[in-house]
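What follows is one structure encoded as structure tokens, with my remarks underneath.
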Amino acid sequence: MQQHFSLADCDVVGFDLDHTLCRYNLPQSARLIYDSFAQYLVTEKGYDEDLLILAPDSLDFCCKGLVLDIEEGNFLKLAEDGTVLRASHGTKSMTFEEILEIYGRREWKHFNTVSEMVSRTAKYYLYDNYFDLPGALLCARVVDSLDQHDGQKKYDFWKDMVAAIQHNYKISAFKEDCGTYFPEVKNHPDKYLQRCPESVKKWLKQLKNAGKILLLITSSHSDYCRLLCEHVLGNDFEEYFDILITNALKPGFFSHTPNQRPFRTLENDEEQEALLSLDKPGWYSQGNAIQLFDLLKKMTGKLDPKVVYFGDSMHSDIFPARHYSNWETVFILEELLGDKVTVPAKAESEPLEKKGKYEGDQLKAPYFVSKQWGSFFMDRVPGLENAEETLVHTWSCKCISTYSTIAIPSLEAIADLPLDYRFTRFSPNSSATAGYYPSPPRALLPDEESVTMK
């Protein structure tokens, strides 16, 4: 495989919507998601009302790449070899000795299935995107609460958490104004959504003018997709794309066959009968990558059109697009913003009561480095018996270089580049920092090893 990647070589450019084309105000959206799950657990399932109160700095617990060991109530940060680097029981960090006692220095028992991106199981849950992350904090606090009241050893709250997720994000929730999440975003879009920068809109038009086919593939339902796109791109958002696919149910969109998941047409946001094939550009629901690729062959007149897909979820976007469809993949990783610079605490320049409502809350953006979990990319392992500690890559970091073509903090980071700009791609033959644009995370730079490490 060549060492460089260029958009000029691609025939088709595809985008995920949430946290890719549509960026959120993370502190506000994290709080809303947490509240929407917590409200359900307290009002519908009888959990402790204390879950509704959130300390300002508690979102520091949220860190992408964590795995919840459901039965044990433990959260784990894994090294690239599957060993446990850090862990917490509920919200409480475990000591290195406690980790050794429970997990040892061997591969975690479910690492094999986690590393194959199998995520739906009763044994564990992988937190890999911003819609999930606030749920990690809530689950951790549920464990704390159960320990306090029941002294439980094995935990059985997960089914209730799944019910909370389904209640808030179900396909009809937007239309029915059901749950806490959709009604709030509908009523206050500016509070939660960032408008798409003009540079990105111009870049999308530039791609189209250069003859590229543009796709939008999102697991959001069509009504929510329309709200987001109108807000962030404008009322003419459909003109940016040749094909829009909503309710795509990724990663199944990439892994399932046409008869398992056919495309459907939409009328007034209601899904219609299944289509036997995909014959023309337009707006569709559900579907699968196989029939989409057949249409792309027809549209480009090429037997093997080159597709690149931009997304923010390793599990739903990047891994399946690469693994099942062999597409090029660009990983949107806001953690690059947090890990690249160490942000000093702002000096108190004005009294608290004069500050905006959210500034005073001090709910930091989740992508700044978590004090509890450390760098998303690297961590230190204490040496045994006075041996020196060693630096190791996290499993999340390994996934990036294995399944992404390149990784960027946002679309804005590349929007002003010429379309024939040549990015250095991730490859086994290049350095650990190749593939990150515009610059690698600070934790991966040898002369900065001490930065962001605790």
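The values are calculated or read from the model by the stated rules, or taken from the named source; none is laboratory data. What you are looking at is a predicted structure, and each value in this text was computed from that prediction instead of being measured. Glycine gets a Cβ as well: all are built from the backbone with ideal geometry, and neighbour counts include every protein chain shown. Note: accessible area is taken over every heavy atom of the protein model, side chains too, but ligands, DNA and RNA are not part of it. Shrake-Rupley method; radii C 1.70, N 1.55, O 1.52, S 1.80 Å.
Just to be sure, is Asp294 acidic (Asp, Glu), farther than 22 Å from Ser222 by Cα and surrounded by fewer than 18 Cβ atoms within 10 Å (Cβ to Cβ)?
Details: acidic (Asp, Glu): yes; farther than 22 Å from Ser222 by Cα: yes; surrounded by fewer than 18 Cβ atoms within 10 Å (Cβ to Cβ): yes.
Spelling it out, Asp294 is indeed acidic (Asp, Glu), farther than 22 Å from Ser222 by Cα and surrounded by fewer than 18 Cβ atoms within 10 Å (Cβ to Cβ).
Answer yes or no as to whether Asp128 is assigned to a loop (DSSP other than H, G, I, E, B) and under 23 Å from the mean Cα position of the chain (by Cα).
Considered against the rule, which asks whether it is assigned to a loop (DSSP other than H, G, I, E, B) and under 23 Å from the mean Cα position of the chain (by Cα), Asp128 comes out as yes.
Looking at Gln166, is it of a type in the set (S, T, N, Q), closer than 13 Å to Phe37 by Cα and open to solvent by 50 Å² or more (accessible area, probe 1.4 Å)?
In short, yes.
Within the range 183-289, considering only helices (runs of 4 or more DSSP H) that don't extend past its boundaries, which have at least 2 residues that are open to solvent by 20 Å² or more (accessible area, probe 1.4 Å)?
189-192, 198-209, 222-232
Going by the conditions given, is Leu85 more than 29 Å from Asp16 (Cα to Cα) and at pLDDT below 95?
Values: more than 29 Å from Asp16 (Cα to Cα): yes; at pLDDT below 95: no.
When the stated conditions are applied, Leu85 does not pass them.
Out of the helices (runs of 4 or more DSSP H) lying entirely within the range 316-378, which hold 2 or more residues that are surrounded by fewer than 24 Cβ atoms within 10 Å (Cβ to Cβ) and at pLDDT below 95?
335-340, 357-361
Among what's in the range 126-153 and is open to solvent by less than 10 Å² (accessible area, probe 1.4 Å) and among the hydrophobic types (A, V, I, L, M, F, W, C), pick the residue that is modelled with the lowest pLDDT.
Leu133
Please work out which residue is nearest to Leu32 (Cα to Cα), limiting yourself to the range 113-141 and to residues that are free of Cβ contacts under 8 Å to residues at least 12 places away in the same chain and of a type outside the set (Lys, Arg).
Residue satisfying both the conditions and the ranking: Asp132.
Hey, could you check the range 100-125 for residues that are of a type in the set (D, E, K, R) and within 18 Å of Thr394 (Cβ to Cβ) and say which is most open to solvent (accessible area, probe 1.4 Å)?
First, the residues of the range 100-125 that are of a type in the set (D, E, K, R): 101, 105-107, 109, 116, 120, 123.
Within this subset, residues satisfying the condition of being within 18 Å of Thr394 (Cβ to Cβ) are 105-107, 116.
Working: Arg105: 111, Arg106: 144, Glu107: 99, Glu116: 103 Å².
The extreme case among them is Arg106.
I'm checking my understanding of the structure. Among residues of the range 62-82 that are open to solvent by less than 20 Å² (accessible area, probe 1.4 Å) and among the charged types (D, E, K, R), which one is modelled with the highest pLDDT?
Lys77
Cβ-Cβ below 8 Å, separation at least six or inter-chain, first residue in the range 34-53 and under 16 Å from Trp158 (Cβ atoms), second among the β-branched types (Val, Ile, Thr): which pairs?
Phe37/Ile165; Tyr40/Thr180; Leu41/Val142; Tyr47/Val142; Leu51/Val42; Leu51/Val142
Against the definition (open to solvent by less than 50 Å² (accessible area, probe 1.4 Å) and modelled with pLDDT of 95 or more), how does Leu59 come out, yes or no? Break it down into steps so the answer makes sense when it comes.
Details: open to solvent by less than 50 Å² (accessible area, probe 1.4 Å): yes; modelled with pLDDT of 95 or more: no.
No: the conditions fail for Leu59.
For residues that are in contact with a strand residue (DSSP E or B) (Cβ under 7 Å, 6 or more places away or on another chain) and surrounded by fewer than 15 Cβ atoms within 10 Å (Cβ to Cβ), scanning just the range 423-452, find the one that is modelled with the lowest pLDDT.
Top of the filtered list is Glu449.
Would you pick out the residues in the range 55-81 that are β-branched (Val, Ile, Thr) and part of a strand (DSSP E or B)?
Val67
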